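Everything on this sheet refers to the single structure shown next.
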Amino acid sequence: MPRITKRILVTGGAGFLGSHLCERLLAAGDEVLCVDNFFTGTRHNVHHLLDHPRFELLRHDVTFPLYVEVDQIYNLACPASPIFYQMDPVQTTKTSVLGAINMLGLAKRLKIPMLQASTSEVYGDPEVHPQREEYWGHVNPIGLRACYDEGKRCAETLVFDYVRQHAVAGKVMRIFNTYGPRMKPNDGRVVSNFIVQALRGEDITIYGDGSQTRSFCYVDDLITGMVSLMATPADVHGPINIGNPNEFTMLELAKLVLDMTGSRARVVHMPLPADDPKQRRPDIAKARELLGWEPTIQLREGLAATIAYFRNVIDE
Ligand code: NAD
Ligand code: UDP
């Protein structure tokens with residue numbers, strides 16, 4: 001039987017993860033409606049897709065309602081880097097909360113599935129390690145990160161209320177730190193910062209003593225997990241952690257980046273930002289069981305591809 005082409009809405013589609021998702025969906029034969037307000041994303045990220053016959057780009061802010069006809073929604077719109085989500089914190093909360101309401105409303109009207117890009121930040125500075133989906137988190141509701149963390153938590157609440165109240169096929173994916181080509185050089189997140197600093201021979205900025213940990217997932221693995229979650233039956237709602245459980249300190253990451261770039265940049269220590277989580281590692285048992293998913297690309301391999309990308313896009 002011929003495969004039926006789906007029309008898929010990707011909000012935040014011109015961002016880092018969104019642009020990779022758009023590519024993956026087009027490669028699978030689907031039509032993509034990419035919606036973005038270009039706050040942190042750019043037309044450049046999807047430039048190579050603009051002439052594709054199944055790709056459409058629309059400038060739109062998800063805090064306003066959107067009336068389109070589609071078969072699935074991936075709701076990724078939201079700045080993800082602390083520097084950018086703290087630049088206009090009220091807009092960040094609006095994007096998560098109003099964006100979720102608008103996309104869930106659309107999913108309700110069209111009776112279609114909606115996948116919400118949530119985050120490991122819903123666990124805050126976790127007291128449970130590694131983080132399982134059952135853990136409710138440890139978030140400062142009034143701190144500098146709250147616009148993002150609480151916005152995303154509320155978006156999760158909305159998904160589950162639309163599931164219960166309106167029978168929407170909502171799906172919540174909790175994304176752990178993901179990196180790869182098309183992160184912005186000035187994005188502010190640690191992997192892009194360290195690589196760009198190393199390539200330019202600038203100081204490598206470790207915040208605090210560098211003993212805090214993160215678990216880094218390469219973008220291709222992440223997108224596979226995302227598409228697999230969308231493909232689950234309508235009654236699978238998650239939340240599901242998607243991330244790479246291999247954990248590194250920021251000192252280890254800095255050393256690895258210096259080693260792989262052959263850079264002689266110095267490591268300097270800067271103040272640790274407020275509420276910076278001390279450790280983070282996903283428990284991915286649920287993803288393994290429900291999606292048959294686990295990451296295949298380990299840090300060295302993913303960093304090699306990311307370093308190659310940044311060598312091309314920045315002036316060293
Ligand atoms: P990104 O900043 O590159 O992409 C976000 C995109 O959303 C950008 O293109 C931006 O312009 C767009 N956007 C922001 N506000 C919008 C609005 N009001 N209306 C329309 N578009 C808007 O970040 P990313 O890393 O690609 O993250 C994508 C999603 O995944 C986000 O929802 C983020 O919270 C989530 N996430 C990412 C990570 C990660 O490590 N990359 C981790 C956890 C969660
Ligand atoms: N970090 C750092 N130097 C940088 C950028 C970030 O040491 O130049 C640290 C940051 O304090 C945090 C970790 O790296 O402990 C991951 O930061 P990122 O902003 O990438 O993601 P998040 O904190 O949201 O997980």
Net charge, residue 186 excluded, C-beta distance under 14 Å - Lys, Arg +1, Asp, Glu -1: +1
Would you mind putting 238-244, 123-129 in packing order, based on average other-beta-carbon counts within 10 Å, highest first? 238-244, 123-129
For a Förster distance of 25 Å, can you work out the FRET efficiency between the beta-carbons of residue 256 and residue 312, rounded to the nearest 0.05? 0.75
Report the local net charge at residue 45: Lys and Arg +1, Asp and Glu -1, summed over other residues whose C-beta lies under 11 Å from its C-beta. +1
For the range 163-179, Karplus couplings with θ = phi - 60° (6.51, -1.76, 1.60), whole Hz, Gly/Pro x: 4, 6, 7, 10, 6, 6, 7, x, 9, 10, 10, 9, 8, 9, 2, 10, 9
Mean Cα-pair separation over length for the range 186-277, i.e. relative contact order, pairs under 8 Å, 6 or more apart, %: 48 percent
All-pairs Cα distance distribution in the chain, expressed in whole percent, bin size 20 Å: 34, 60, 7
Taking the Cβ-Cβ separation of residue 235 and residue 138 as r and a Förster radius of 25 Å, what is the calculated FRET efficiency to the nearest 0.05? 0.25
Please list, by residue number, every one of the trypsin sites (Lys or Arg not before Pro) in the range 231-316 that is coil in DSSP and has at most 14 other beta-carbon atoms within 10 Å. 264, 266, 278
Can you give me the accessible area per residue for the chain, using a 1.4 Å probe, in Å²? 44 Å²
Which one, 236, 253, 291, projects farthest toward the positive side of the charge dipole computed for the range 220-291 from Cβ point charges (K/R +1, D/E -1)? 253
Trypsin sites (Lys or Arg not before Pro) restricted to the range 67-168 and DSSP loop, no more than 13 other C-beta within 10 Å: 111
What FRET efficiency would be calculated for the residue pair residue 278, residue 42, taking the C-beta separation as r and a Förster radius of 35 Å, to the nearest 0.05? 0.60
Charge sum, other residues only, whose C-beta stays under 11 Å from residue 249's C-beta, Lys/Arg counted +1 and Asp/Glu -1: 0
Which loop GluC sites (Glu not before Pro) in the range 15-109, with loop taken from DSSP, have no more than 14 other Cβ atoms within 10 angstrom of their Cβ? 69
Percent of accessible area on the chain owned by carbon and sulfur, 1.4 Å probe? 54 percent
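The values are calculated or read from the model by the stated rules, or taken from the named source; none is laboratory data. The shown structure was predicted, so the numbers you read here are calculated from the model rather than taken from an experiment. As a convention, Cβ positions derive from the backbone with ideal geometry for all residues, glycine included, and neighbour counts pool all protein chains shown. With ligands, DNA and RNA removed, areas are computed over all heavy atoms of the protein, side chains included. Shrake-Rupley method; radii C 1.70, N 1.55, O 1.52, S 1.80 Å.
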